[in-house]
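The values are calculated or read from the model by the stated rules, or taken from the named source; none is laboratory data. Computed from a predicted model, the values in this text were never measured in an experiment. Heads up, the Cβs are rebuilt from the backbone with ideal geometry, glycines too, and the neighbour counts pull from every protein chain shown.
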């Protein structure tokens with residue numbers, strides 16, 4: 001049996017139910033995640049998509065570390081790998097590669113979302129905006145990326 005607590009987590013100064021959240025490891029998207037975003041935009045009239053990566057992302061760390069990714073984790077790593085390849089090509093390594101890959105991956109996810117005909121139409125009509133950001137675990141601050 002689950003025990004309810006009296007605590008409510010506030011994100012972006014919003015209460016529970018105020019945000020439609022699609023959460024995936026490494027903030028990667030697949031057709032199901034994109035469909036969820038499209039649903040939020042079309043049926044709930046959500047006006048803003050925020051692709052939010054975070055510091056010290058485990059999925060990004062696994063991608064940078066390389067090696068075997070068991071089960072369906074390999075699908076997550078495969079989505080992040082092109083972002084890591086770009087960072088690696090610039091000679092970045094270690095912890096810095098993890099953080100730069102997480103940032104690059106936010107941009108890659110935004111680009112993939114923009115390929116959706118539904119999202120593309122809503123962006124072009126001005127009914128929806130999309131932004132990227134990165135959550136800093138140590139400070140609780142959100143860094144917004146320039147578009």
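Working only within the stretch 96-133, note down all residues that are within 15 Å of residue 29 (Cβ to Cβ) and in a strand (DSSP E or B). Those that are within 15 Å of residue 29 (Cβ to Cβ) and in a strand (DSSP E or B): 130, 132.
Taking the stretch 79-95 as the search range and keeping residues that are outside any loop (DSSP other than H, G, I, E, B) and at pLDDT below 95, which one is surrounded by the fewest Cβ atoms within 10 Å (Cβ to Cβ)? If we take residues in the stretch 79-95 being outside any loop (DSSP other than H, G, I, E, B) and at pLDDT below 95, then 94 is surrounded by the fewest Cβ atoms within 10 Å (Cβ to Cβ). Residues in the stretch 17-39 that are buried (at least 16 other Cβ atoms within 10 Å of the Cβ), touching a strand residue (DSSP E or B) at 6+ places or on another chain (Cβ under 8 Å) and at negative phi: 37 alone.
Just checking, which of 97, 108 is under 15 Å from the mean Cα position of the chain (by Cα) and in contact (Cβ under 8 Å) with a residue 24 or more places away in the chain?
On the way: 97 fails: under 15 Å from the mean Cα position of the chain (by Cα).
Result: 108 is the single residue among 97, 108 that is under 15 Å from the mean Cα position of the chain (by Cα) and in contact (Cβ under 8 Å) with a residue 24 or more places away in the chain.
Would you confirm whether any residue within the stretch 61-68 is touching a helix residue (DSSP H, G or I) at 6+ places or on another chain (Cβ under 6 Å), assigned to a strand (DSSP E or B) and crowded, with 18+ Cβ neighbours inside 10 Å? Within the stretch 61-68 (the criterion being touching a helix residue (DSSP H, G or I) at 6+ places or on another chain (Cβ under 6 Å), assigned to a strand (DSSP E or B) and crowded, with 18+ Cβ neighbours inside 10 Å), the answer is no, since none of the residues qualifies. When you scan the stretch 7-21, do you find a residue that is closer than 29 Å to residue 125 by Cβ and touching a helix residue (DSSP H, G or I) at 6+ places or on another chain (Cβ under 7 Å), even just one? Yes, the conditions are met somewhere in the stretch 7-21. Remark: residue 3 falls outside the filter, which requires a residue to be over 29 Å from residue 128 (Cα atoms) and either at pLDDT 95 or above or part of a helix (DSSP H, G or I) (or both).
In the list 89, 40, 78, 65, which residue meets the criterion of being free of Cβ contacts under 8 Å to residues at least 40 places away in the same chain and within 22 Å of residue 12 (Cβ to Cβ)?
Going through 89, 40, 78, 65 in turn, just one is free of Cβ contacts under 8 Å to residues at least 40 places away in the same chain and within 22 Å of residue 12 (Cβ to Cβ): 40.
Out of the stretch 41-60, which residues are assigned to a helix (DSSP H, G or I) and surrounded by fewer than 17 Cβ atoms within 10 Å (Cβ to Cβ)?
As a first pass, look at the stretch 41-60 and keep what is assigned to a helix (DSSP H, G or I): 41-43, 58-60.
The answer is 42, 43, 58.
Screening residue 143 with (1) surrounded by fewer than 19 Cβ atoms within 10 Å (Cβ to Cβ); (2) touching a strand residue (DSSP E or B) at 6+ places or on another chain (Cβ under 8 Å); (3) touching a residue at least 24 places away in the same chain (Cβ under 8 Å) gives one miss only, at (3).
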